[in-house]
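Just below is one structure, and these are the notes that go with it.
Bear in mind these aren't lab numbers, they're just calculated from the coordinates by the rules spelled out. Note that the structure is a prediction, hence the values are computed from the model and not measured. Here the Cβ positions follow ideal geometry from the backbone for every residue, glycine too, while neighbour counts run over all protein chains shown.
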Amino acid sequence: MEALLWTVPALPLAGFLVLLLAGGRLPRPLVAAIGVGSVTAAAVVALLLARDFLAMPPPGGAFEQPLWTFFDLGGLRVDAALRLDALSLVMTLVVTIVGALIHLYSIGYMHGDAGYARFFACMNLFVASMLTLVLADDVFFLFVGWEGVGICSFLLIGFWFDDPANGRAAAKAFLVTRIGDVCLTVAMFLLIAQFGTLHIATLLERAPALWGPGAAVATLAAALLLGAAIGKSGQLPLQVWLPDAMAGPTPVSALIHAATMVTAGVYLIARMHGLFLLAPAVMTAVAVIGALTLLLAGVAALAQRDIKRVLAYSTISQIGYMFLALGVGAWSAALFHFFTHAIFKALLFMAAGAIIVALHHEQDMYRMGGLRRRMPVVFWTFLAGAISLCALPLVGAGFFSKDLILFEVFSSTAGGPVLWFAGVVGAFITALYTSRMMCLTFFGETGPDVEHPTPAVMAVPLVVLAVAATCAGLLELPRTLGNLPLFSHFLESVLPHAPLRETTVSVELLLQAVSAVVVLVGLGVGWTLWKRGAFADRGSAVSPATAWAASGLGFDRLYGAVVTRPYTAFATANAADAIDGVWRAVSVVSYVLAALLRLTQNGRLRWYAAAIGAGTVVAIYLVVYT
C-alpha cells in the first residue's frame, strides 16, 4: 500500500481538474459524486495506509516516496517527495476523513447554488493542497501546499463575490496571511544558506551540529517560522483575517477552521520542532503568544452576535491552546488537541450551517431561540460539539486534550503556574461563551419558523462527528483515568516527550479538579446570566467594553489607523509617483529620438547616398588619423 501514497493528494487534485475543465457541463449529481468521491477515495487510501503503518511500521518510522525533481542547480537539489510518518499520518487522516464529511454535507448546504461545480472544484483543490503540505518531505514542496491553501482560502472566502464585503474579506485574508508567507520564504533562503538543502529530515539532523542552543541564526530561523505560523493560524497579532473569513459558505468555514488552513501553522512548528528546540527564546514566545491569544479571542467571542463569528473566535482561542502547548515542548498534547478540535469544531460549524439554512440564512443568535425542540438532531449534535469545546469533565474529547495541555504546561520545565493559570482562565471564558451560545440559540423564546428540515445528507455527517467528538478522547487517558496514552505513544517516533518535572498522581488529580470546577462554574455563570437577562439584545445601546470586544478588541481600528490610512494617504499624495516620472522621461526621450530618426527616412536617394559617403569619409579619417 505504501506505493499508493502519491494517490492521497492526487485523487482530490484529479477531482479539481475534472470539475475545473468540465464541471459547468456536468449534471449536479455527477459534480457531487466527483467532488465527494475524490476526497472519500483519498480517505480510504489513507485508512489503508494507516492499517499497514500500524501493523508493520516502516524502518526508521517513516516511508519516503520520491516523485520528481523541481531543480538541481549549483549544488542545491530540491525534490518533490512525500513522507509518511506518525505525524503526517495523523494529519492526513484528519484532513481526508473530516474533509470527506464536510464535502458530503456540502451537497445539501450548497443545493441550488449557481456556483455548485466551482465550489466543489475549489474544495477539492483545498484538500489536495493541504495534503501536499502535510505530506511534503521538503520545505519547498511544503511551501507549494502552503501557498495552495492560501489561494483556495481566497477563492472560497470570496465565493459569493457579488457582495463586495465578501471580496474584501477574501482580500483581507490573502493580504494578512501573505505576511506569514514572506516569513516562510525568507526562512527558506536562510536554511539554504546555512545547510544547502531544504530536506526536512536532513535539516533536523544537521541543525544541532551546526547551531548551539540559543544561537542567533537558530533564533532567527525559528522566529521566521513562527511568523509564518502566526499568519496562517490566526494568532496574535495577525488574527484579524480569520473572523472575516466567515463571509464564505459554512462548509468552507468548517474546512478552514477545523481540518486545514488554520492548523497549518501548528503543523509547521511541530514538523520543524528540532529547530525550535535550539531557540528557547522563540519557544517562550510561542507559549506567550498562545496564552495571550486564547484569552483575548475568548473575550471577543463573548460579545459576538453572529453564531459563526463566535465559532471563529473560538477557533483562534483553541489554536492558542495548541501554541501554548508547543511553546512548552508538549508536542503530542498540542497535536492531540488539534485532533479533537478538528472533530468538534467541524461538527459545530456544520451544525451551525444547518441552523442557518433552516432559518432563511439567519446567523444572528438573538433572532434564533427555542430550536432544541424544532431541530432535535441539530441540537443534540451541536450539544456534543459544545461539550467538547468547553471541556466538560469526563464527557467530551475536548476535556481529555485540553486537560493534557494544562497538565503538561504546569509540569513542564519550560512552563509553570503562570501559563497554566492563563489556560485555566481561558477554560472559564470558553465555558462562558459556549453556555451563552447554547442558551441564545436553543433555549428561550421561539424564534423564526424553520423553513427547511435538515436533509439526511447533512444530518449523517453531524451524527458521525458527534459520536467521534464524544469518544475520541479515549485515545489518550491520563494517569488518573487508566493511564492509556495511545496517541502520544504513537507520535513518540517523531515528536519528543515534553520535559516534565516529577509530579505525583495526587497533584495531577488536583489540577484536573481545578479545571473541572472552573468549567462547571463557567457554564453555571453563563446559564445564570442568561436567565437573568444579562444576554438580552440591547441593540446599539451596548457598553463601550462590549462594543470593544465585539469589534475584535479593536485590532482592525488599530491597523486602520497605523497602516491602512497612512498608506492610502501616501499613495494618494504620491499619485504622480517620482519613480514613475523617471520612466515617463525615458519614454519621452525615446519618442523624441525616434521622431528625429524618422526625419532621416524621407525616401530621397541622393540624401541617403550623401549620408553613406559622409559616413565613409569619417570612418576612413578615424582609421587613418586615430
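Odds and ends about this structure:
- The stretch 1-114: C-alpha gyration tensor shape, a/c 1.5 cut-off, then a/b vs b/c: oblate
- If you take the Cα centroid of the stretch 524-599 and the Cα centroid of the stretch 67-114, the two points sit 34 Å apart.
- For Y313, net neighbour charge (Lys/Arg +1, Asp/Glu -1) across residues whose Cβ lies under 14 Å away: +2
- Report note on the peptides 126-138, 583-595, 146-158: ranked by the mean count of other C-beta atoms within 10 Å, highest first, their order is 126-138, 146-158, 583-595.
- If you count Lys pairs in the chain whose Cα atoms are under 26 Å apart, skipping same-chain pairs closer than 8 places in sequence, the total is 10.
- Cα gyration tensor shape for the chain, rounded if a/c is under 1.5, else prolate or oblate: prolate
- Over the chain, DSSP H runs of length four or greater, each weighted -39,500 (n - 2.57), average out per residue to a 222 nm ellipticity of -23000 deg cm²/dmol.
- Highest to lowest packing among 209-219, 433-443, 414-424, scored as the average C-beta count within 10 Å: 433-443, 414-424, 209-219
- In the stretch 349-450, the GluC sites (Glu not before Pro) that fall in loop regions by DSSP, at most 11 other Cβ within 10 Å: E445
- For the stretch 554-598, alpha-carbon Rg relative to the globular expectation (2.2 N^0.38 Å, N residues): 2.03
- Electrostatic dipole magnitude of the chain [Cβ: Lys, Arg +1; Asp, Glu -1; Cα centre; debye, to 20]: 1260 debye
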